[in-house]
Amino acid sequence: MHSLDVIIIGGGPSGMSAALVAGRGLLKTVVVNAERPRNIVTTASHGFLSRDGVHPRELLAISKEQLKKYETVRYIAGLVARVAKAGEGFEVELKDGTQLRTKRLVVATGFTDVLSLLSLPGIEEVYGKSVYPCVFCDGFEHRGERLALFSKSGEDFYVPMVRHWSKDVALFTNGTAVDSERKRLLEGRGVLVVEEAVAKLVSIGGKLQAVELTSGDRVERDAGFISDDYSKPSTPFAEQLGVGKTQNGWGMEVLDVLPSGASTVDGLYVVGDARSGFGGLMASAAQGAACMEGIVHEIAAQRWAEGANA
Ligand SMILES: Cc1cc2nc3c(=O)[nH]c(=O)nc-3n(C[C@H](O)[C@H](O)[C@H](O)COP(=O)(O)OP(=O)(O)OC[C@H]3O[C@@H](n4cnc5c(N)ncnc54)[C@H](O)[C@@H]3O)c2cc1C
């Protein structure tokens, strides 16, 4: 007999939305959250309806505060160290040794950006402050500025996107040659193509000033975007429990999970970036909410079938 209806690992927008719906659905729930959402390096979360511009910590603080009234939900600030199948459900062990059991497990642990994979010295100082992964998240704040786009591919779909927010775009391929025809097209659209390797990003207080090349030349820039593959799932839990991999629409390798969050492993769900690679705050929250609605439906139907609520 499992004492909990559901455990949610991770409390970013996906996990906390799932927790909110679980509380409203009267489910006995535990949320374990290491409290390090992916965008913690930024000062402002953008595009989240009614919370546009708040600090990522504030978004978490508001979510925690609003969860308090749901007495069936317990929030634990902590780290899950291990998960395993146990009977018909799952066993979850926290770093402090606490062990929990549940029939249903939601993995909402997001993705982690590994900046060392980028070969862009100086990136740590500017990441999330003036150089970002997502134009929807931060393009507006830098519209019309002198923008850098770091991408090893001259074919990158992000070129028209960044160009949409500014007429002044320099594409840095960091040592990768761009096909001459493509280069002509890019330059014809006003995009400066810089194939020379990057020596470092020059910044002051997190604000990008210039991109210095190995020749010592500098290209002055105010802000930038990165379009490269440099992130990975924050935890291996879903894979360890048997969920397979597939490619998403952008060619990224992601977990093979249904749009509802349900996986091929009975009782195991994956939501948010952990499922989609880079969902954004609103989409991740929506995934968490929709997934938990499905779980509440399933539990209610099961209790009905068993006559438990007769
Ligand atoms: C620099 C930057 C800026 C961004 N800006 C925006 C923006 O302005 N607008 C926008 O829509 N999107 C933005 N994003 C994207 C956004 O951060 C993610 O899409 C969103 O956070 C995904 O939500 P999530 O709940 O899936 O994961 P996360 O928010 O990453 O939350 C995952 C949570 O799981 C916890 N966790 C991980 N492992 C464990 C474990 N073992 N045990 C317990 N807890 C664990 C983490 O600590 C974290 O709290 C930005 C991303 C970056 C990198």
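Since every read-out is calculated from the coordinates, none of them should be taken as a lab result. Not measured: the values here are computed from a predicted model. Quick reminder, even Gly has a Cβ in these numbers, built from the backbone with ideal geometry, and neighbours come from all protein chains shown.
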At a 10 angstrom cut-off on C-beta neighbours, averaged per residue, how do the peptides 104-111, 142-149 rank from highest to lowest?
104-111, 142-149
Too long for a 20 Å Cα-Cα cut-off, among LYS28/LYS69; LYS68/LYS95; LYS152/LYS232; LYS28/LYS64; LYS129/LYS200, are LYS68/LYS95
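Using 0.36 nm per residue, how much length does the chain from ASP256 to LEU185 gain when fully extended, once their Cα-Cα distance is taken away?
Details: separation 71, 0.36 × 71 = 25.56 nm, distance 3.70 nm.
Gain in length upon complete extension: 21.9 nm.
Which length gain, in nm to one decimal place, applies between THR112 and GLN240 when the Cα-Cα distance is subtracted from 0.36 nm times their residue separation?
In short, 44.3 nm is gained.
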Contact order normalised by length for the chain, with contacts defined as Cα pairs under 8 Å and 6 or more residues apart; what percent is it?
21 percent
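Before anything else, pin down the relative contact order of segment 47-165: Cα pairs under 8 Å, at least 6 apart, normalised by residue count, whole percent.
Working: 63 pairs, mean separation 15.0, N = 119.
After rounding, I find 13 percent.
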Between ALA81 and THR214, with labels modelled 7 Å along Cα→Cβ, what's the label distance in nm to one decimal, could you check?
4.4 nm
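State the dimensionless ratio Rg/Rh of the chain (Rg: radius of gyration of Cα atoms; Rh: Kirkwood radius).
On the way: Rg = 22.0 Å, Rh = 21.0 Å.
Checking Rg against Rh, the ratio lands at 1.05.
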Mind jotting down the distance between the C-alpha centroids of segment 264-295 and segment 156-232, whole Å?
33 Å
Gap separating the Cα centres of segment 74-143 and segment 1-47, nearest whole Å:
12 Å
Quick one: Karplus J couplings for segment 255-272, per residue in order, coefficients 6.51, -1.76, 1.60, θ = phi - 60°, nearest Hz, x for Gly and Pro?
5, 7, 10, 5, x, 6, x, 5, 10, 6, 8, 4, x, 10, 10, 9, 9, x
Determine, for each peptide in 115-127, 179-191, 32-44, 204-216, the mean count of other beta carbons within 10 angstrom over its residues, then list the peptides with the highest first.
32-44, 115-127, 204-216, 179-191
Asserting the computed 222 nm helical MRE of the chain (DSSP H runs at least 4 long, -39500 (n - 2.57) per run, divided by residue count, to nearest 500) equals -7500 deg cm²/dmol
